1. Given a cut-off of under 8 Å on Cα pairs at least six residues apart, what relative contact order in percent is computed for chain B?
2. For a protection proxy built on the mean count of beta-carbon atoms within 10 angstrom, sort B:179-191, A:77-89, A:212-224 highest first, please.
3. When N is the residue count of the stretch A:22-234, what does its C-alpha Rg come to as a fraction of 2.2 N^0.38 Å?
4. Bin width 5 Å, alpha-carbon pairs only: give the P(r) of the stretch A:159-250 as whole percents, running from 0 to the bin holding the largest distance.
5. Quick query: amide H of A:L142 versus all other amide H atoms, modeled in the peptide plane; which residues come in under 5 Å with a sequence gap of 5 or more or a different chain?
6. Are there any helices in chain B, counted as whole DSSP H runs, that stretch 20 Å or more along their axis by Cα and score at least 0.5 on average by Kyte-Doolittle, and if so which?
7. Give, rounded to the nearest 20 debye, the magnitude of the charge dipole that the protein assembly as shown has about its Cα centre when Lys and Arg contribute +1 at Cβ and Asp and Glu contribute -1 at Cβ.
8. Please compute the Cα-Cα pair-distance distribution of the protein assembly as shown with 10 Å bins starting at 0, giving whole percents from short to long.
Amino acid sequence: MNIRVIGIAVLAAVLALVPSVASEYWVGLLTQILIFGLLALSADLLLGHAGLFSLCHAAFFAVSAYTVAILQTRYGVTTIPAALAGLGAGTLLAAIFASAVRTRGVYFILITLAFGYIVWGVAHRWASFTGGDNGVTNVPPLTLAGVQIATKAHYYYFVLIVLALALALYRILTTSPFGLALRGIKSSETRMRSLGYRVGAHLYVAFVISGFYASLAGVLYIYFNRFVNPVAAGFPYSVEAILMAIIGGTGTILGPFIGSGIILILRNWVSGFFHYYTAVLGLIFIATVLWAPNGVMGLIKSLRSGNRGEGA
Amino acid sequence: MLNLRALMFGGAVLALSVAVGVSPAEVQEKKPIKIGLLAPLTGPLASPGTEMVNGFRQYWNSVNNMAGGRKIEIVVADTTCNPDQALTQARRLALQEKVDLLVGPLCGHEGPAVAQVSAETGVPLVMDPAGADDVTKWKRTPTVIRTAVSSSQIGHPLGEYLYKDLGLRNVTFIGADYTFGHEVTLGAVKTFTDLGGKVDRIIWNPVGTKDYSTTVNSIPAGTGAVVPIVVGADRIRLFEDWFNYGMDKKHKIVASYWLHEDVLPQLDDRAVGIIGNVLHYVAGIDTPENKAFVEEHIKLYKRVPSWFAESAYTAGLWVKTALDKINGNVEDRDAFLKAMRTVEVKAPRGPVKLDAYDNPIQNVYVSKVEKVNHPVLGNILMNKPIKTYEAVSQFWTWKPEEFLARGPYKR
């Protein structure tokens, strides 16, 4: 336990120091890694804890980003109400799409895939409202209590603080009886059912909470990018969120962020000098599936399993 | 405690490796001018993206990578035809590589994203070849100028050509279902219907449509001509299905945006005689500037350049002309933008200059596919202009205010 506390403290210190040593670009990239890590984490609440493979998380992400962008640029709504509306819209959509938990396995994947495409289609086709392919540009920077958070470093700190709160809540949630019940459902749904748990209700709530986290990532994303277009709602983003969670390690908090770091650094930095980076990404994914099905976090755990038991 | 030490060591390494990324700005009198080129080098439009980089490098190599007495350095970034990626890469070029100006991107929907980075950072953007109409009409950015073409700029002459030159009164369009396709198609529809023409049907296809059989089979019987606006690999699929289903015997086809030089090597003699494009550039333009450009390009890359290569080449020529005029003082961004806005360039595509809305005024060519014998490449297909619309403005014949009040072309 001690090691864990020290580890978190060191990590927090390193993260807090980044803007003083790194250039603006790297701070920006790290912010992006944190935001997409949060999106991956939201999808992983279903995958890693409840065993549901969702392919529509980009939908909540994009709906909340679009809501904020349109409210701010077209209706002049200020940050706080716009951000709350974004969170609300994404979560509401999740409450509707959560009906997918009536299905399991491949049917769940297919229905979430279809839901995702609906949102992408609306963003793409309803051009008079969403701006179509061109999207919504020039979203103003985040403004809290009259103070504009315009620099990359300041926004990075803002994201860190929001993340710290969100992750603490996430940790409480996943270790609560509710979280443990989800794990129970993942390993054996019939057993949980025969023990008297309301499996459907648990999964429904988990889906909505997961949608809330994806919406939070969407709000952080729009104030970072200050631009959104249908790509944000697209199938590739949903898949990428899941891939990030798998590469980093499902069912963990740090894993999705590690996965997000690996994928985004490959795409944004390595692509600058190595054009076959997508092949590298493919190899990493194959290697993960073959040799480290529990991702980077699984590897770390198995290295340490000498002195610590496998943590659920 | 080993773990703690390992963690701290890891943290220190991370901090150091991040720090290495930053280098102090060089303080020198005549340091090189850095140009950031944004092109899709992977993904669905990798082939036009590569051509764009080739055309740009071809130009700068032809002038020894010098402009205004300073050396030119080109940094290429891969946008993958994804606006998010384009935005991140444009920020990287502006903030990390500290480029003096940006050139690109290629995909229409990446345009607004990169324009935003230019607005954020003040780094001038020479937009080439993304076509989004918005950029030089309703959503202009003071630091962004376009050297390629606006989507609907090539649509307007097409509508008139169909009505006046071909005498068509009712046509069917096959449009690519995204912003660029909408703007080209509906631009042509506008001028065609204004003259009195009738549109039998517009068949929209998403980019990446695998099968054009339903499309070609739903063309209304008795339509005067079929006018495709298709991009990417769809161009070849439409070509194959057009002949496989015997449409060449039933209908006349007059393309707006279809048989470009980059797909011609993959087609056969069935393409000969088709009006394959109404575009601001085709490789068969008969001017000394273009011949020199095409021959040099063939020598270097063993292929006939399409408009993507020419566009990047001309962007280079344009930037060089402007930089020479201000003696390479690119740090004075206002002076650079003013020079870009005022110079006139004799490009391979013909004379070009910017209008008051930062979009080029240029020729638009109606072209026909012909078979020619090239000394290096042998028997090849080539687009030859059969009619030239000179000095076409993005506003066609309307007053800019009138056009702007009407709003964008939307499906």
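Taken together, the values in this text are just the output of simple stated rules run on the coordinates, not laboratory data. Note that the coordinates shown come from a computational prediction; the quantities given were computed from them, not determined experimentally. Cβ sites come from the backbone with ideal geometry, for glycine too, and all protein chains shown count toward neighbours.
1. 16
2. Values: B:179-191: 25.8, A:77-89: 18.3, A:212-224: 27.9.
Highest to lowest by the protection proxy: A:212-224, B:179-191, A:77-89.
3. Normalised by 2.2 N^0.38 Å, the Cα Rg of the stretch A:22-234 equals 1.05.
4. 3, 11, 15, 21, 20, 14, 9, 5, 2, 1
5. A:I149
6. In chain B, the long hydrophobic H runs are B:2-20.
7. 1460
8. Cα pair-distance distribution for the protein assembly as shown, in percent: 3, 14, 23, 24, 18, 12, 5, 1, 0.
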